[in-house]
Structures are given as structure tokens and as C-alpha cells.
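The values are calculated or read from the model by the stated rules, or taken from the named source; none is laboratory data. No experiment lies behind these values; they were computed from the predicted model shown. Cβ: placed from backbone, ideal geometry, glycine included. Neighbour counts: every protein chain shown. Side chains are part of the model used for accessible areas, which takes the heavy atoms of the whole protein and leaves out ligands, DNA and RNA. Shrake-Rupley method; radii C 1.70, N 1.55, O 1.52, S 1.80 Å.
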Amino acid sequence: MELAEAGGRARTVKRFTVSGPNSGPALPWDRFSAWLECICVVTFDLELGQAIELVYPHDVRLTEKEKTSICYLSFPDSYSGCLGDTQFSFRIRQTMGHKLSMNGDEEMYNRDAPVVLQRDRAHYYGFVYFRQVKDCTVKRGYFQKSLVLISRLPFVNLFHSLLQLIAPEYFEKLEPCLEAVCNEVDQWPSPLPGKTLSLPIMGVVIQVRIPSKKDKLGMSPLKQSNQENLLPAPLVIPTVHELDLFGCFQSILIHIQMLWELTLLGEPVIIMAVSPKISSDLVLALTSCIEPLRYCCDYRPYFTIHDAEFKEYTTRTQAPPNVILGVTNPFFIKTFQHWPHIIRIGDVKMSGDLPKQIKVKKLMKLRTLDTKPGIYTSYKTFLHKDKALIKRLLKERYVASLMPLQRNVTAWKNPPQIHPFIKEEFMKTLEYAGPQLTSVQKGDWVGLYRRFFKSPNFDGWFRMRYQEMCKKLEILHLEVLCEADLLMWVQEKSEVEVVDLVLKLREKLIKARVHQLSLRADLLEKLELYLETVICSLPDDLQVMLQQH
């Protein structure tokens with residue numbers, strides 16, 4: 001607690017210094033506040049409901065209204081049924097009790113940052129890591145808690161990556177872990193647009209580049225520099241804020257042009273999803289799809305009936321406001337029937353290799369709580385749909401073909417290797433699937449692709465796609481293992497082979513949690529149960545050895 005108290009005393013001192021490159025030393029918590037306003041722990045109390053259990057730094061000035069909003073927005077709606085670990089985002093208004101002025105460093109950052117990444121003067125962004133798991137020691141039968149980062153910076157990728165590192169550790173070690181994390185963040189350099197920064201946290205070095213408004217279109221988002229001097233090897237985050245737009249829009253991709261127009265024109269839009277992750281990702285994807293223009297209307301990645309602006313947004317005495325709201329409670333279907341554009345997203349269902357595309361439907365069909373997925377609107381687009389572009393986006397791409405077939409993943413062998421990217425093989429596909437077939441732009445497309453392959457953009461993009469495929473393979477392999485009869489298999493094997501299996505399964509379970517693989521919680525529990533049963537089938541000396549390993 002000494003750290004927090006020292007921070008509290010220091011923050012009451014009037015700040016005459018800034019932490020820029022030519023300024024004097026920063027006061028305690030100055031560098032922390034350059035990145036985060038605070039870190040909150042929200043838990044479920046049987047009497048109070050959602051309640052803030054802890055805030056760091058302890059003296060951070062949040063109003064009661066802000067605290068209430070953070071409490072409700074940090075838990076998935078009861079209808080979402082989110083078991084295991086879930087990450088999502090929210091955005092709330094800063095109440096009038098706060099000053100909207102900024103210090104010298106903050107003004108300097110906003111001067112050099114792209115308009116879409118500037119520090120928000122009037123809103124807080126919340127980045128949530130929620131855990132809900134069975135716990136028989138709790139009256140409700142479940143452990144329910146959220147670790148929440150509050151910031152004025154819309155660095156969705158960076159802060160969710162940070163949560164993936166610190167949240168699992170916090171749930172194990174609790175308050176001392178947060179003290180250590182806050183202390184480390186307080187040592188970080190200030191976010192400087194155009195600079196690649198190394199940010200140490202919990203034994204890991206995050207390497208990230210803050211974009212600058214001087215950046216040229218298409219330049220590499222991150223030039224990895226001085227990696228040989230960083231021990232351990234850095235965790236490279238290619239972009240602080242850009243989402244996987246293809247993944248966010250995958251079930252509504254054929255309507256992307258209409259959605260772009262609705263966002264560009266600031267039309268009122270409701271996103272109804274089955275989880276706060278899907279709703280928040282889609283809202284953020286919509287607001288970012290018009291970049292480099294800034295989306296200047298209001299938007300709420302996750303919105304609940306307890307929100308302070310609920311009455312303001314649901315009144316029928318005036319036209320719906322210019323806002324994009326992400327919701328999960330079916331109650332909103334009735335509440336927002338008078339809104340002109342409602343997007344209902346269900347669970348993503350695959351049709352062959354492609355996600356099933358939802359359809360545009362008439363608003364009059366939006367009547368019951370069991371309304372099917374669809375885009376409910378009467379909007380007519382100004383521009384014609386680019387069918388050729390959409391067809392190219394939906395067509396299976398070359399990189400997807402590098403992924404081994406699911407039938408080749410078996411329980412008794414290591415996952416198959418991802419096929420290598422062979423540039424000449426890809427070049428052959430351009431003859432029948434290249435952009436020159438439909439684009440009005442003529443020229444040396446093959447030469448452009450060859451040049452692109454040598455650029456940092458291709459390297460960074462392909463490494464990210466490769467990591468995604470590796471995670472997918474690990475998930476498929478774990479799913480196959482859970483369905484296999486391991487106990488029957490070990491009966492026919494030697495003790496050495498069984499011990500080897502136990503060690504490999506343990507390693508897979510550790511990787512699944514460290515890399516936050518999107519597996520159902522019951523699958524991991526099933527695999528752990530298998531593991532314990534296999535260990536118990538071994539002689540006592542081997543059981544002791546494995547338990548100590």
C-alpha cells in the first residue's frame with residue numbers, strides 16, 4: 001500500500017513539469033496517467049450487484065456517476081451467458097465535474113497524433129477482461145470478476161493485449177499484482193506519435209509504434225528496431241488500434257457498402273449481438289471504416305439499460321440521436337423499434353468456408369424478442385454495390401489454402417505444419433483470381449505484388465496471419481484430444497509414453513491459457529480431468545514426479 005499512498009501524495013502536488021524529452025523528471029503517476037486514467041476491479045456482490053472492489057491509483061478522481069457506469073458496463077449482460085474469459089470495450093461520457101483542459105504533454109500528443117487517435121477530452125474508454133467460472137465456494141456458484149483499464153486513448157489492440165498479460169496473473173495473485181503493474185506502467189515512456197516504444201510489463205517487453213499524422217498512407221505500422229538488445233524477445237503489436245475488419249464484418253460483408261454509407265452519414269444505428277465482445281468489436285469497426293475521417297458522432301461499443309444516457313437515447317418524443325449503440329439485452333428490440341437502422345447479429349455460422357451472410361429485412365418485421373439475425377432498415381444506398389469487390393473478399397484467399405485440412409488433425413500426432421507461403425505459387429493464382437480481372441486500374445499488377453512481397457507491410461501482415469492459423473490449429477488439436485478416448489490409448493502404452501503424453505498435454509493447456517485460445521471452458525476442464533485420471537493410473541513414484549514437475 002506504500003506505493004499507492006506515495007502516489008496519492010504526489011498527485012496532490014501542482015504539476016509545474018511535463019515529461020517531454022526536454023523536461024525535468026516526472027512526478028509519481030505522471031507517466032502512468034499518460035497511458036491510463038486508472039485500473040478498476042469490478043466484482044459481483046450478492047447485496048449490491050456489480051461493485052468496484054479496487055481502484056488504482058487509489059486517489060483517482062472518478063465521480064459516482066462514472067463509477068456506476070463502469071460497474072454495469074464491466075459485466076456482460078445476464079442474457080449473454082459468457083462463461084470463461086471474455087474481453088470487450090466500452091465508452092462513457094466524462095461527467096461535468098472534471099476539467100476538460102490538458103497539460104503540455106497531452107496537447108503535444110494530440111498535435112502530432114492522427115485525428116482518430118487523439119486523446120479524448122470528453123470520454124473515457126474502458127477495456128474489460130471478464131472472468132466467469134464455476135466456484136463452489138461462492139454462494140452464487142460462480143467466480144465473477146472484471147479487470148478494467150480506463151483510458152482517454154482509443155488503443156484497443158494495445159490495451160486488450162496488455163489485459164491478456166496482466167488479468168490472468170491478477171486473478172491468481174490479486175492486489176500485489178496490480179501494485180507491481182501500475183509501478184511498471186509509471187516507468188513507461190510517454191506515448192509519442194511516430195516513435196516505436198518498448199514497454200516492459202511483468203517480464204515481457206511490448207513493442208509498439210504510435211502512429212503519427214505525418215505517416216504516409218500504406219507505410220509499415222511498425223518497424224521493429226533494436227530487437228537484438230531486448231531480452232526477452234519483445235511481444236510485437238503491429239498496430240495499437242486497428243481491428244481485423246474482415247473478422248468483424250464477416251457475417252455482413254455483402255452489405256459493407258451500405259454500412260459504410262450509414263456510418264459516413266452519421267445515421268442512428270443499433271447493433272444487437274449475442275455478446276459484448278461481438279457488439280463492441282462491430283461498433284468500433286464501423287467507426288473506423290471511414291478513416292482517415294474521424295467519426296464525430298457519439299458511439300457506445302457496449303450499452304446497457306443501466307447506462308446514464310439510457311433515457312436520453314430511448315425517448316420517443318424526438319428523432320433518434322446520431323449514435324451507434326452496441327447492445328446484448330433482447331429488451332432493446334422493443335425499446336428501439338422506432339430506430340431506422342438495426343443490425344441483429346447472431347452466432348457466426350459457417351457455410352462451407354465462408355460465414356453465412358445475413359439479409360436485409362423490413363423494419364416492420366422487428367417485433368418479437370426472438371427476431372432473427374438481419375439488417376432491419378429501409379435505407380437506399382446512394383452508390384451502387386461493388387459486387388466484384390465483395391466477391392473477391394468472400395472468395396477463399398491463397399493464404400487460407402495454407403491451412404491444413406481439419407480431417408488431418410488427429411489426437412495421436414502433433415498438429416500438421418502450416419504449408420509455406422510460396423510466392424511463385426501465389427503469382428500463378430493472379431492469372432485467374434487477380435485484381436486486374438475486375439479493377440478499372442490497369443498496369444503491372446504482377447510487378448506491384450512482387451514489390452509488395454518485399455515490403456514490411458507484407459511481412460507484418462503475413463506474420464499476424466500465420467500466428468492466427470497456428471492458434472486455430474492448436475484449438476482444433478485440443479478439440480480432437482477432448483473427443484478422443486485417452487484412457488483406452490494409455491492402457492496399451494508404456495509408462496515412458498504415458499509420461500510423455502502427460503507432459504505434452506500440460507504444455508498444451510498452459511499454451512491455451514497463455515495465448516488466450518478461444519476454447520469453450522468445458523473443453524479445458526474436460527482435458528484437465530483426463531490428465532488427472534491418466535496421472536492417477538500411474539505408479540505412485542511417477543505420480544509424485546509428475547506432480548512436482
List the residue pairs whose Cβ atoms are under 9 Å apart, where the first residue sits in region 51-76 and is without any contact (Cβ under 8 Å) to a residue 24 or more places away in the chain, the second is assigned to a helix (DSSP H, G or I) and of a type in the set (D, E, K, R), and the two are 6 or more positions apart or on different chains. I52/K67; V55/K67; V60/R11
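Criterion first (in contact with a helix residue (DSSP H, G or I) (Cβ under 7 Å, 6 or more places away or on another chain) and without any contact (Cβ under 8 Å) to a residue 60 or more places away in the chain) does L245 satisfy it?
Taking the combined requirement at face value, the residue satisfies it.
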Every residue in region 267-295 that is farther than 16 Å from S251 by Cβ, open to solvent by 50 Å² or more (accessible area, probe 1.4 Å) and either among the aliphatic types (A, V, I, L, M) or in contact with a strand residue (DSSP E or B) (Cβ under 8 Å, 6 or more places away or on another chain) (or both), please. E267, L293
Those residues of region 307-327 which are crowded, with 16+ Cβ neighbours inside 10 Å and among the small types (G, A, S) amount to G326
So which residues in region 256-275 are within 14 Å of Y302 (Cβ to Cβ) and either assigned to a strand (DSSP E or B) or modelled with pLDDT of 95 or more (or both), if there are any at all? I270, I271, M272
Some residue of region 148-165 being open to solvent by 20 Å² or more (accessible area, probe 1.4 Å), part of a helix (DSSP H, G or I) and of a type in the set (F, W, Y): no
Any chance you could count how many residues in region 114-131 are touching a residue at least 40 places away in the same chain (Cβ under 8 Å), aliphatic (A, V, I, L, M) and not in a strand (DSSP E or B)? 3
Assigned to a loop (DSSP other than H, G, I, E, B), hydrophobic (A, V, I, L, M, F, W, C) and either touching a helix residue (DSSP H, G or I) at 6+ places or on another chain (Cβ under 9 Å) or touching a residue at least 40 places away in the same chain (Cβ under 8 Å) (or both): which single residue out of F332, F303 fits that description? F303
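Just to be sure before I move on: is A411 at pLDDT 60 or above and open to solvent by less than 60 Å² (accessible area, probe 1.4 Å) in the structure I sent? Working first, answer last.
Numbers: at pLDDT 60 or above: no; open to solvent by less than 60 Å² (accessible area, probe 1.4 Å): yes.
When the stated conditions are applied, A411 does not pass them.
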Selection within region 26-72 - open to solvent by 40 Å² or more (accessible area, probe 1.4 Å), assigned to a loop (DSSP other than H, G, I, E, B) and not aliphatic (A, V, I, L, M): P28, E47, H58, D59, R61
Looking at region 357-386 only, could you name the residues that are modelled with pLDDT of 75 or more, open to solvent by 90 Å² or more (accessible area, probe 1.4 Å) and within 30 Å of the chain's Cα centre (by Cα)? K359, K372, K385
Can you pull out the residues in region 431-450 that are modelled with pLDDT of 65 or more, in a helix (DSSP H, G or I) and open to solvent by 70 Å² or more (accessible area, probe 1.4 Å)? L448, R450
Give the residues of region 166-197 that are modelled with pLDDT under 90 and not in a helix (DSSP H, G or I), sorted by residue number. L174
Residue pairs, Cβ under 8 Å, 6 or more apart or interchain, first in region 454-468 and part of a helix (DSSP H, G or I), second small (G, A, S) and modelled with pLDDT under 70. List them. P456/S220; N457/G218; N457/S220; G460/S220
